[in-house]
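Enquirer: This is the structure, below, for whatever I ask next.
Derivation of every value follows stated rules applied to the coordinates shown; laboratory data play no part. Owing to the predicted nature of the structure, the values given are computational and were not obtained by experimental measurement. With ideal geometry, Cβ positions are generated from the backbone for all residues, glycine too; neighbour counts draw on all protein chains shown.
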Amino acid sequence: MKTIVITGATSGIGLETARVFTDLGYLVIGIGHSEKNCEIARNDILTANHDAKITFYYADLMQRQETLRIAEEIKTYFEKNQSDELCALINNAGCVRSWYMTTEEGYEQQFALNHLAGFLLTHELLTLLKKWKGKILFTGSESHKGIKIRWDDVMFRRGYNPLTAYKQSKLCNILFAKGLNDRYNSYGVQAYVVDPGLVNTDIGNKKTGGIVNLVWTLRKRYGVSPAVPAKTYAFLCEQTIMPNELYYRDCAAASYSKEVTTENADSLFALSERLCEISYYKRKED
């Protein structure tokens, strides 16, 4: 059974993407923040499609130990269901913040959830992805353009600006995807970033306040339905011959920042390994 793992799958883009893949006949393993949200999302999908193959796990992916726990549960699932193939991991979970907030490890929350959670989860599931030549996809944003990584203070402990921190986290997504391709294309693993455009979701209203909450409430009205970017995830995962481009929007390759270089991708890899206390394999040519 072809299987897709989707983080942030209980609302917005993640929920609609889960719906699309279950309609296509995939088994979807969704990850949500709470047991209640997971149950609501599962019932929502099954109400529309009684034959949907869907299961949910819940975890606070912002916290390292929670990410490791859920990764173990997913690996145990595949050990028990060896006929299922992990054909894609969609790192979709993300957040927006109005003020400086940290995780249990002391990491700025947008950097932790939008980047480090996917970095760690991908590492933990990489053996399965290599086995099935799976795809790794990220929910990106056009906001990654016009920003550079603040290498001397990636957590923005000095002069915190929530929008700039968010933009940096989205640049991290595409740098990580490039780093994965540099290292694992030869194993048949391909990474992509999906730019959803402006989407009508509640991401900017969760645990925010003041101007961020107000601006997002007004801005999201002009956004497309989450079902629109969900089509791009399906487009990429359904390809039998893997597309070569890195960044996609509306089922077509799109331009991205000139900051996306091998040097920056390698620097981010090294930094993220230290922060997550893990080690990926080096590129094959190394």
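Enquirer: Among TYR184, SER141, TYR57, whose Cα sits farthest toward the positive end of the charge dipole of the chain (+1 at Cβ of Lys/Arg, -1 at Cβ of Asp/Glu, about the Cα centre)?
Expert: Toward the positive end, the furthest listed residue is SER141.
Enquirer: What is the mean projected area of the alpha carbon convex hull for region 119-166, to one decimal in square nanometres? Don't skip to the end; give the middle numbers.
Expert: Details: hull surface 19.0 nm².
Computing the convex hull of the Cα atoms and averaging its projections yields 4.8 nm².
Enquirer: Obtain the nm distance between the two label points defined at MET1 and LEU271 by a simple spin-label model: each point lies 7 Å from its Cα along the Cα-to-C-beta direction.
Expert: 4.0 nm
Enquirer: With charges set only on the Cβ (+1 for Lys and Arg, -1 for Asp and Glu), what does the dipole of region 2-276 come to about its Cα centre, in debye to the nearest 20?
Expert: The dipole of region 2-276 has a size of about 520 debye.
Enquirer: OK, next. Tell me the chymotrypsin sites (Phe, Trp or Tyr not before Pro) within region 1-105 that lie in a loop according to DSSP and have at most 12 other beta-carbon atoms within 10 Å.
Expert: Listed in order of number, the matching sites are TRP99.
Enquirer: What nm value, rounded to one decimal, do you get for the distance between ILE278 and THR55 when each label is placed 7 Å out toward the C-beta?
Expert: 2.1 nm
Enquirer: Evaluate 2.2 N^0.38 Å with N set to the residue count of the chain, then give the Cα radius of gyration divided by it. The partial results should precede the final answer.
Expert: Details: Rg = 17.6 Å, N = 286, 2.2 N^0.38 = 18.9 Å.
In units of the 2.2 N^0.38 Å rule of thumb, it is 0.93.
Enquirer: Okay, moving on. With springs connecting C-alpha atoms under 10 Å apart, model the chain as a Gaussian network and identify which of LYS75, LYS135, LYS231 has the largest mean-square fluctuation.
Expert: Of LYS75, LYS135, LYS231, the Gaussian network model singles out LYS75 as fluctuating most.
Enquirer: While we're on this one: In the chain, with Lys and Arg counted as +1 and Asp and Glu as -1 at Cβ, which of these residues, ASN161, SER34, PRO196, has the Cα nearest the positive end of the dipole, that is, farthest along it?
Expert: Looking along the dipole axis, the top candidate is ASN161.
Enquirer: With a length cut of 27 Å (Cα positions projected on each helix's long axis) and a Kyte-Doolittle mean of at least -1.0, go through the chain and give me the DSSP H helices that pass. Don't skip to the answer; put the middle values down first.
Expert: On the way: long enough: 162-184 (33 Å, -0.33).
Sorted by number, the helices that extend far enough and score high enough are 162-184.
Enquirer: Another one. Which order do CYS95, CYS251 fall in if you start with the one that has the fewest other Cβ atoms within 10 Å? Please report the intermediate quantities before stating the final value.
Expert: Details: CYS95 22, CYS251 14.
Going from least to most buried by this count: CYS251, CYS95.
Enquirer: With each pseudo-label sitting 7 Å past Cα toward Cβ, what's the SER83-THR127 distance in nm, one decimal?
Expert: For SER83 paired with THR127, the spin-label model returns 2.4 nm.
Enquirer: Now, a different point. What number, rounded to the nearest 500 deg cm²/dmol, is the helix-based mean residue ellipticity at 222 nm of the chain, given -39500 (n - 2.57) per DSSP H run of at least four residues and division by all its residues?
Expert: On the way: 8 runs with 118 residues, N = 286.
Taking each H run of at least 4 residues, the total per residue is -13500 deg cm²/dmol.
Enquirer: So for region 2-276, taking the charge dipole from beta-carbon charges (+1 Lys/Arg, -1 Asp/Glu), which of GLN82, ALA18, SER225 sits furthest toward the positive end?
Expert: Going by the charge dipole, the pick is SER225.
Enquirer: Hey, another quick one. Mind sorting GLU108, GLU263, GLU16, GLU72 by how few other Cβ atoms lie within 10 Å of their own Cβ, fewest first?
Expert: On the way: GLU108 24, GLU263 8, GLU16 21, GLU72 11.
Starting with the residue having the fewest Cβ neighbours, the order is GLU263, GLU72, GLU16, GLU108.
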